[in-house]
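Some notes on the structure that comes next.
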Amino acid sequence: MRSNRNRTRYFLALALCLAGAPAAAIVGSIPALAVDNMNSADAPDLTSARTKIKAADYRGALAELKVLSETNQHPDVYTLMGYSLRKIGDYPTSLTFYKKALDFNADHKSAREYLGELYVDMGDLPKAREQLAVLTRLCPQGCEEREDLEKLLATKAAKVN
């Protein structure tokens, strides 16, 4: 996870608060983060689920996300569900939720990254590379999702060779 960047953003927001900055300046400076850097303005509050995920309480996160998904059809919710399911080893259901997230937003970078990671976990490197190709198109100048999947694929390729 990108904790250093998030920590920097947190302290920036705290400094703005202490300096008496208007709320709009503070809110506008920090994206709404899902697991890593998903930032959808219309996403439900995922703070509690993210906290559980960061603490590796994937089943607890899933319980919350399941309730949220009943009233919020949102790609961030489905991506987090896929992520949590992947982390507990339920690859088939994880795949279903990543695809559902991409049905809502085909350019959802975190869903693409995590779907690629799922394919790596499943040993399907060609499909993981397909997700990397999509991220390369979405992020021609590079982005964290692309870089993370590139590193994972490089590590996996090094272990195979």
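Can you find a residue that is closer than 23 Å to T155 by Cα and assigned to a helix (DSSP H, G or I) anywhere in the range 55-62?
Scanning the range 55-62 turns up no residue that is closer than 23 Å to T155 by Cα and assigned to a helix (DSSP H, G or I).
Return yes or no: is L152 in the same structural domain as I53 (by TED's automatic domain parsing), surrounded by fewer than 24 Cβ atoms within 10 Å (Cβ to Cβ), assigned to a helix (DSSP H, G or I) and in contact with a Pro (Cβ under 8 Å, 6 or more places away or on another chain)? Walk me through it before giving the result.
Details: in the same structural domain as I53 (by TED's automatic domain parsing): yes; surrounded by fewer than 24 Cβ atoms within 10 Å (Cβ to Cβ): yes; assigned to a helix (DSSP H, G or I): yes; in contact with a Pro (Cβ under 8 Å, 6 or more places away or on another chain): no.
Answer is no for this residue.
Those residues that are buried (at least 24 other Cβ atoms within 10 Å of the Cβ) and not aromatic (F, W, Y), I need them from the range 63-84; list them, please.
Hits for the range 63-84 are L65, P75, D76, V77, T79, L80, M81, G82, S84.
Can you pull out every residue in the range 91-137 that is acidic (D, E) and under 19 Å from D148 (Cβ atoms)? Spell out the reasoning first.
Of the residues in the range 91-137, the ones acidic (D, E) are 103, 107, 113, 117, 121, 124, 130.
Selection gives D107, E113, E117, D121, D124, E130.
Between a first residue in the range 123-145 that is within 18 Å of L102 (Cβ to Cβ) and without any contact (Cβ under 8 Å) to a residue 60 or more places away in the chain and a second residue that is surrounded by 15 or more Cβ atoms within 10 Å (Cβ to Cβ) and of a type in the set (F, W, Y), which pairs have beta carbons less than 6 Å apart while being 6 or more apart in sequence or on different chains?
What qualifies is K127/Y119; A128/Y119.
The values are calculated or read from the model by the stated rules, or taken from the named source; none is laboratory data. Keep in mind that this is a model prediction, so the values were computed, not measured. Here the Cβ is made from the backbone with ideal geometry for all residues, glycine too, and neighbour counts use every protein chain on show.
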